[in-house]
Amino acid sequence: MTDRQTPQPKRLFIETYGCQMNAYDSERMRDVLGPLGYAVTDKPDDADLVILNTCHIREKATEKVYSEIGRLRAHKERRQAEGKGMTIAIAGCVAQAEGEEIVARAPAVDLVVGPQAYHKLPELIARAARKTGERLAADFTAQEKFDALPERAPDGVTAFLSIQEGCDKFCTFCVVPYTRGAEYSRPLADVLAEAQALADKGVREITLLGQNVNAYHGDGGAGFADLLARLARIEGVERLRYTTSHPVEMTDELIALHGDEPKLMPYLHLPVQSGSDRILKAMNRKHDSAFYRDIIARLRAARPDIALSTDFIVGFPGESDKEFEATLSLVQDVNFASAFSFRYSARPGTPAAAMMAQVGEEAKAERLARLQMLLSEQQRAFNAAQIGRVLPVLVTGQGRKAGQAHGRSPYLQAVHFDAPSARPGEIVPVRIVASSQNSLSGELARTPVIA
Ligand code: SAH
Ligand code: SF4
Ligand code: F3S
């Protein structure tokens, strides 16, 4: 074969913003484009195809997209001057919410594709190459997307599995019901088949994904707890996690399963947003703080070592100092292993954006700093409490230094340890000797694991 006949691999750069749903979708886009000869690169400047998988949740996230497009335009122009091209595609929630605006504001963008249309990417790219300039956003259903996507090609021992999309909860601050549409659950058999295929390819830990993952309702009346119990029976799947769940969907069966099913990891991300009942009501969260505390108490009764994580919004319209203090007391009472906290960001079209009494940026910043200080103290303390324990660690890879490995604790902590012979996918006992804000380090233990 001469050089001329060898097809040049095309380079694909994907930048992922936002939540794990986008991380999953980016992986699937890579799977769709692989057979077309696209190999992933980590350098946007030399890519033939750049996909920005965007997030619309806060104003900052959206602004980032436009500034990134500006940077890409320069690369595109340089490549064009060299006689090469660069296709720029905007995917994800900004594409869904502001597709027309992107096309109008950013001529460098070749195509805009919403979250339900990723299976159409090959066709769209071909059309973009013919310079027809298109936008394809909401024209497909989640079912069509999942059915048309190719088989998974996982690249590690942990994987996301999307089981549910969209949201009907309509929290007054949130754009997700508008960007991802109505709640949709994948059929049980499809989820089980995808999990089996992942296990066959070496995946040991599966994280089920959905905007309201525990609202999952499969065909034949299967609820989320049933699905988890079925997944736990798949040989090779050693660990199960799920995110993000909503407090009102924590059923008795699901709470009980945390005590009964050893493959279900003792870690739960359960967003609460605020500790004030009046704010929770104004947010349309559909529960009060006593309800949340009660779920936590019942989860801890079922699985005493369960680690909890959450999300908070500070400075929701009308939030008083006293109402913010109620959030701090909830944090004190629950004691979180980790948490995400955000300043309220008014999103166009959401009910909260039109509410009177928006909180000033200065007050928001001050509240966020106080909350985050308390949350990081709790996170450090939680990590430090593991010192001296022997934890079952799922080996995820080799460390940078020879003889080192890294892995995941049951509580989703990153663990670094010395183990020259540890192979990815094994679960090994590690004695924890040190901790930091974000990780643990330890040594391989000879004693058996007492989980
Ligand atoms: N479905 C998940 C959360 C999705 S968005 C749930 O119901 O909990 C992730 C987090 O972003 C939310 O939990 C919330 O804390 C934050 N968030 C959403 N909209 C926001 C806004 N307008 N301003 C600031 N934070 C926001
Ligand atoms: Fe947004 Fe609320 Fe739905 Fe979560 S439950 S995605 S915060 S509307
Ligand atoms: Fe962002 Fe869309 Fe996820 S708005 S948080 S990427 S569902």
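The values are calculated or read from the model by the stated rules, or taken from the named source; none is laboratory data. None of the values given here were measured: they were computed from a predicted structure. For neighbour counting, all protein chains shown are included, and Cβ atoms are generated from backbone atoms with ideal geometry for every residue, glycine included. SASA here: full protein model, heavy atoms, side chains in, ligands and nucleic acids out. Shrake-Rupley method; radii C 1.70, N 1.55, O 1.52, S 1.80 Å.
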Where q = 0.13, 0.14 Å⁻¹, what log10 of I(q)/I(0) comes from the Debye formula for the range 10-129, counting one point per Cα?
-0.44, -0.52
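Considering only DSSP beta bridges whose two residues both sit in the chain, what percent are antiparallel, to the nearest 5? Before the final figure, lay out the partial values.
Numbers: 22 of 68 bridges.
Approximately 30 percent, going by the DSSP bridge assignments.
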Run the numbers for residue 59 and residue 71: contour at 0.36 nm per residue of separation, minus the present Cα-Cα distance, in nm.
2.4 nm
Where nothing but the Cβ of Lys and Arg (+1) and of Asp and Glu (-1) is charged, how large is the charge dipole of the chain around its Cα centre, in debye to the nearest 20?
920
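Divide the volume of the convex hull of the Cα atoms of the range 227-327 by its number of residues and quote the answer in cubic angstrom per residue. Walk me through the numbers before you get to the answer.
Values: hull volume 9.5 nm³, N = 101.
Hull volume normalised by residue count: 94 Å³.
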Dipole axis of the chain (+1 Lys, Arg; -1 Asp, Glu on Cβ), positive-most option in 207, 330, 353
207
Computed over the chain, protein heavy atoms only, probe 1.4 angstrom, the accessible area per residue in square angstrom equals 44
Quick one: grab the alpha carbon gyration tensor of the chain, order the square roots of its eigenvalues as a ≥ b ≥ c, and give me rounded if a/c is under 1.5, else prolate or oblate depending on whether a/b is larger than b/c.
oblate
With every protein chain in place, the range 131-244: carbon and sulfur % of accessible area (1.4 Å)
50
Pulled fully out, how much extra length does the chain show between residue 374 and residue 31, if you take 0.36 nm times their separation in residues and subtract their Cα-Cα distance?
119.4 nm
The range 338-404 and the range 219-237 have their Cα centres apart by a whole-number Å value of 30
Ignoring ligands, DNA and RNA, what percent of the 1.4 Å accessible area of the range 325-379 is carbon and sulfur?
56
Amide H neighbours of residue 419 at under 5 Å, excluding residues fewer than 5 places away on the same chain, with H built from the backbone geometry, are 404, 405
Per DSSP H run of n ≥ 4, the term is -39500 (n - 2.57); total these for the chain, divide by its residue number, and report the mean residue ellipticity at 222 nm rounded to 500 deg cm²/dmol.
-11000 deg cm²/dmol
Suppose R0 equals 56 Å. What FRET efficiency, 1/(1 + (r/R0)^6) with r the Cβ-Cβ distance, do residue 365 and residue 217 give to the nearest 0.05?
0.85
Pair residue 40, residue 423: separation of 7 Å Cα→Cβ label points (nm)
2.3
For the chain, cysteines with no other Cys Cβ under 4.7 Å from their own Cβ are listed as 19, 55, 93, 167
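Rounded to the nearest percent, how much of the accessible area of the range 14-120 (1.4 Å probe, protein heavy atoms only) is carbon and sulfur?
Values: 2090 of 4350 Å².
Ligands and nucleic acids excluded, carbon and sulfur give 48 percent.
Of all alpha-carbon pairs in the range 144-384, indicate the percentage at a distance above 25 angstrom. Please list the in-between numbers first.
Details: 13389 of 28920 pairs.
So the pairs more than 25 Å apart make up 46 percent of the total in the range 144-384.
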Among 74, 57, 14, whose Cα lies farthest out toward the positive end of the dipole of the range 10-141, if unit charges sit on the beta carbon of Lys, Arg (+1) and Asp, Glu (-1)?
74
